[in-house]
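Contents: one structure, followed by commentary.
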Amino acid sequence: VPQKTGRPRVDFASETLAATVRAAACVADAKRPSVWLRLADGKLTAETTGAEIGASRITQTVEYRGEPFEVEFDSRFLLGFFGVLPSATTLTYWHGGDRIALFETSDGKISFVCLPLQPPQNKGKRR
């Protein structure tokens, strides 16, 4: 499990985050069902572009006041994890400069370690 000390974090209502990812992922390609999560001052944007269907961009307000960054995940893995969470769960996402993402419930009983498709990138710029 990745270290949390000194890492920026953001808290989400799990149902809201799941709905945001689900809505953005509905246009994803079956062969590459990725979703970009972008965090910037006070907002989360989930974005997906599909070759056949088009693009989706969903934005929600979050309590985040750190460096802007973006990270790409396989939406199937995220949605699978969100599907096992109890309703009304607060979920914390810990991020840093490595390739490991950590999602954890506020009570610490459930943790999910996920490798992003692309590592976290500062300033909201894709490589």
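If you filter the stretch 93-106 down to residues that are modelled with pLDDT under 90 and surrounded by fewer than 17 Cβ atoms within 10 Å (Cβ to Cβ), you find that the one that is farthest from Phe73 (Cα to Cα) is Ser106. When you go through Leu37, Leu44, Leu78 one by one, which is the residue that is modelled with pLDDT of 90 or more and either in a loop (DSSP other than H, G, I, E, B) or out of contact with any strand residue (DSSP E or B) (no Cβ under 6 Å at 6 or more places or on another chain) (or both)? After applying the criteria, what remains is Leu78.
Looking at Gly50, is it more than 18 Å from Pro116 (Cα to Cα), over 13 Å from the mean Cα position of the chain (by Cα) and open to solvent by 20 Å² or more (accessible area, probe 1.4 Å)? Considered against the rule, which asks whether it is more than 18 Å from Pro116 (Cα to Cα), over 13 Å from the mean Cα position of the chain (by Cα) and open to solvent by 20 Å² or more (accessible area, probe 1.4 Å), Gly50 comes out as no.
Kindly indicate which of Ala101, Ala46 is closer than 25 Å to Pro2 by Cα and in contact with a Leu (Cβ under 6 Å, 6 or more places away or on another chain). Reasoning before the result, please.
Values: Ala101 fails: in contact with a Leu (Cβ under 6 Å, 6 or more places away or on another chain).
So the residue among Ala101, Ala46 that is closer than 25 Å to Pro2 by Cα and in contact with a Leu (Cβ under 6 Å, 6 or more places away or on another chain) is Ala46.
Scanning the stretch 91-117 for residues that are outside any loop (DSSP other than H, G, I, E, B) and among the small types (Gly, Ala, Ser) turns up Ala101, Ser111.
Among the residues examined, Glu52 does not qualify as closer than 21 Å to Cys26 by Cα and assigned to a strand (DSSP E or B).
Whether a residue is modelled with pLDDT of 90 or more, of a type outside the set (Gly, Ala, Ser) and exposed (fewer than 14 other Cβ atoms within 10 Å of the Cβ) was assessed, and Lys125 does not pass this test. The single residue among Ala88, Ala30 that is open to solvent by 20 Å² or more (accessible area, probe 1.4 Å), touching a residue at least 40 places away in the same chain (Cβ under 8 Å) and part of a loop (DSSP other than H, G, I, E, B) turns out to be Ala88. For the stretch 5-27, residues that are touching a strand residue (DSSP E or B) at 6+ places or on another chain (Cβ under 9 Å), assigned to a loop (DSSP other than H, G, I, E, B) and not aliphatic (A, V, I, L, M) total 3.
Starting from residues that are assigned to a strand (DSSP E or B) and either in contact with a Ser or Thr (Cβ under 6 Å, 6 or more places away or on another chain) or closer than 18 Å to Ala23 by Cβ (or both), keep the ones in the stretch 55-70 and report whichever is most open to solvent (accessible area, probe 1.4 Å). Quick ask: steps written out before the conclusion?
Applying the first criterion (assigned to a strand (DSSP E or B)) to the stretch 55-70 yields 55-61, 69-70.
Then keep just the ones that are either in contact with a Ser or Thr (Cβ under 6 Å, 6 or more places away or on another chain) or closer than 18 Å to Ala23 by Cβ (or both); that gives 55-61, 70.
Numbers: Ala55: 77, Ser56: 18, Arg57: 160, Ile58: 52, Thr59: 79, Gln60: 29, Thr61: 120, Glu70: 0 Å².
Of everything passing the filter in the stretch 55-70, Arg57 is most open to solvent (accessible area, probe 1.4 Å).
The values are calculated or read from the model by the stated rules, or taken from the named source; none is laboratory data. On a predicted model such as this, the values are computed, not experimentally measured, just so you know. Counting neighbours? That spans all protein chains shown, and the Cβs are built from the backbone with ideal geometry, glycine included. Surface accessibility is based on the protein's heavy atoms, side chains included, excluding ligands, DNA and RNA. Shrake-Rupley method; radii C 1.70, N 1.55, O 1.52, S 1.80 Å.
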